[in-house]
Amino acid sequence: MRAYFLPLIVLLSCTKSEPIEANYTRIGDGTTDDGTTGDGTTGDGDDDGTSDDGDDDGDDDGDDDDTADDGSPAEEQLVRFVALGDGGEGNTAQYAVAAAMKTLCDAKTDDDGEGCEFALYLGDNFYDEGVESIDDPQFETKFEAPYADITFPFYVVLGNHDYGATSIEPHRVPYQVEYTTRSTKWTMPNEFYTKTHEHALFLGLDTNAIMVESILGESGQDIWLAGIHATNEATWTIAFGHHPYLSNGQHGNAGSYEGVPAIDDPFGITETVRGVSVKEFFDAQICGKVDVYFSGHDHNRQWLQPTCGTEFIVSGAAAKTTDLVGRGSPTHWENDTTPGFMWVELRDNVLTGEFYNQDGVLEFTHTVTK
């Protein structure tokens, strides 16, 4: 049996294996802004992106036009944030990206609001093996110290390295959730959760749990997300997780990660490595139901051309880069030479995304209008 797990261990960037805890229990089924467990239905206190004011235009006046009751224009809805992943190194590049991000967010602050309200932090938070306790010094050396000058919250999700070197060590995960209670900016209320800002609903996913469901069991995210979709009325629905759906990087596209071909495998290990479960999840719950999905995993920056009704963006260069190898996915822009991050503005029905490098240089900008 060990021989069949070898491809999984090698191809999920592993260096050693530890026993799976058979009695592992997942923390919850998705939490909301107030820390309560939510199921995606309205009226139950969960942050599902719905509104009960009777209007669909976001002006809270009970009708479907874009003016307030007194005839004045509705107040503009604005959300600004940054997205970056794979930062868990504590190296010079991570500090450089953090400094560039701080400078940009300060410069973007204007009469309309803060330049950056929060960050989407896209997993692989601690290389190479995750953390071993809530007191693990890596929380300081690989997160608090590099981002010490930044005061806005980081909405954090898990990557494969956060599940240990083998990607199947779930006992490491609760420490990152628990650390939320100790930090002024680290925010991970659960393994997967929602956040709402103005007219935008944000869905934080645990894609590693989806990828290894055949080993660790069902993650519950498909049922959770289906419930949210059923009642979601947000103008923008933004999902963020670690593994990409599409990528021209070394890890590549879900369903064929690492370029591994489909083979006859009675134990299903090859399907796990290829990310077949990730592709199936995205086909059912992300494509056409989410406006934009941000991911990392590949250590470069890509804005792929929209596929299946969704924009896919890779921003996994918070601390290092790896080569683009070409996986056949058309892009608006891609770069594998310099670490960096993405800045995003949601202004009413217009999304503007800007890619910056570690020196704070704007390298690409693109807008999407709903």
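For the structure I just gave you, tell me whether Gln285 is in contact with a helix residue (DSSP H, G or I) (Cβ under 6 Å, 6 or more places away or on another chain) and within 28 Å of Thr369 (Cβ to Cβ). Taking the combined requirement at face value, the residue satisfies it.
Filtered by the rule that a residue be aliphatic (A, V, I, L, M) and in a loop (DSSP other than H, G, I, E, B), segment 98-137 gives Leu122, Val131, Ile134.
Which residue is most open to solvent (accessible area, probe 1.4 Å), if the candidates are limited to segment 333-342 and must be closer than 22 Å to Val290 by Cβ and not charged (D, E, K, R)? Walk me through how you get there before you give the answer.
Just the residues of segment 333-342 that are closer than 22 Å to Val290 by Cβ, to begin with: 333-334, 341-342.
Still in the running and not charged (D, E, K, R): 333, 341-342.
On the way: Trp333: 44, Phe341: 0, Met342: 1 Å².
Applying the filter and picking the extreme gives Trp333.
Among the residues examined, Gly88 does not qualify as open to solvent by less than 40 Å² (accessible area, probe 1.4 Å) and at pLDDT below 65.
So that you can scan it fast, the table gives a plain yes or no per residue for (1) over 17 Å from the mean Cα position of the chain (by Cα); (2) among the polar types (S, T, N, Q):
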{"residue": "Gln302", "(1), (2)": "no, yes"}
{"residue": "Gln305", "(1), (2)": "yes, yes"}
{"residue": "Val314", "(1), (2)": "no, no"}
{"residue": "Pro330", "(1), (2)": "yes, no"}
{"residue": "Val350", "(1), (2)": "yes, no"}
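For segment 343-370, taking the residues that are part of a loop (DSSP other than H, G, I, E, B) and either in contact with a Phe, Trp or Tyr (Cβ under 7 Å, 6 or more places away or on another chain) or in contact (Cβ under 8 Å) with a residue 12 or more places away in the chain (or both), the one that is least open to solvent (accessible area, probe 1.4 Å) is identified as Gly360.
Going through segment 297-321 one residue at a time, which ones are among the basic types (Lys, Arg) and surrounded by 23 or more Cβ atoms within 10 Å (Cβ to Cβ)? Across segment 297-321, the qualifying residue is only Arg301. When Thr141, Thr187, Thr181, Thr196 are checked against the criterion of being more than 27 Å from Glu213 (Cα to Cα), within 16 Å of the chain's Cα centre (by Cα) and open to solvent by 10 Å² or more (accessible area, probe 1.4 Å), Thr196 stands alone in meeting it. When we screen Glu258, Glu218 for residues that are out of contact with any Ser or Thr (no Cβ under 9 Å at 6 or more places or on another chain), open to solvent by 10 Å² or more (accessible area, probe 1.4 Å) and closer than 23 Å to Asp298 by Cβ, the only hit is Glu258. Restricting attention to segment 285-310, the residues that are in a loop (DSSP other than H, G, I, E, B) and β-branched (Val, Ile, Thr) total 2. Within segment 144-167, restricting attention to residues that are in contact (Cβ under 8 Å) with a residue 60 or more places away in the chain and open to solvent by 10 Å² or more (accessible area, probe 1.4 Å), the residue that is nearest to Ala93 (Cα to Cα) is His161.
Whenever a residue of segment 317-341 is in contact (Cβ under 8 Å) with a residue 24 or more places away in the chain, its partners that are open to solvent by 70 Å² or more (accessible area, probe 1.4 Å) and polar (S, T, N, Q), lying with C-beta atoms within less than 7 angstrom and at least six residues away or across chains, give the pairs Thr322/Gln250; Asp323/Gln250; Val325/Gln250; Pro330/Gln305; Thr331/Gln305; His332/Gln305.
The set of residues in segment 261-281 being open to solvent by 40 Å² or more (accessible area, probe 1.4 Å) and farther than 24 Å from Phe312 by Cβ consists of Ile263, Asp264, Pro266, Phe267.
The values are calculated or read from the model by the stated rules, or taken from the named source; none is laboratory data. Note that the coordinates shown come from a computational prediction; the quantities given were computed from them, not determined experimentally. For neighbour counting, all protein chains shown are included, and Cβ atoms are generated from backbone atoms with ideal geometry for every residue, glycine included. To get the accessible areas, we keep the full protein, side chains included, count just its heavy atoms, and leave off ligands, DNA and RNA. Shrake-Rupley method; radii C 1.70, N 1.55, O 1.52, S 1.80 Å.
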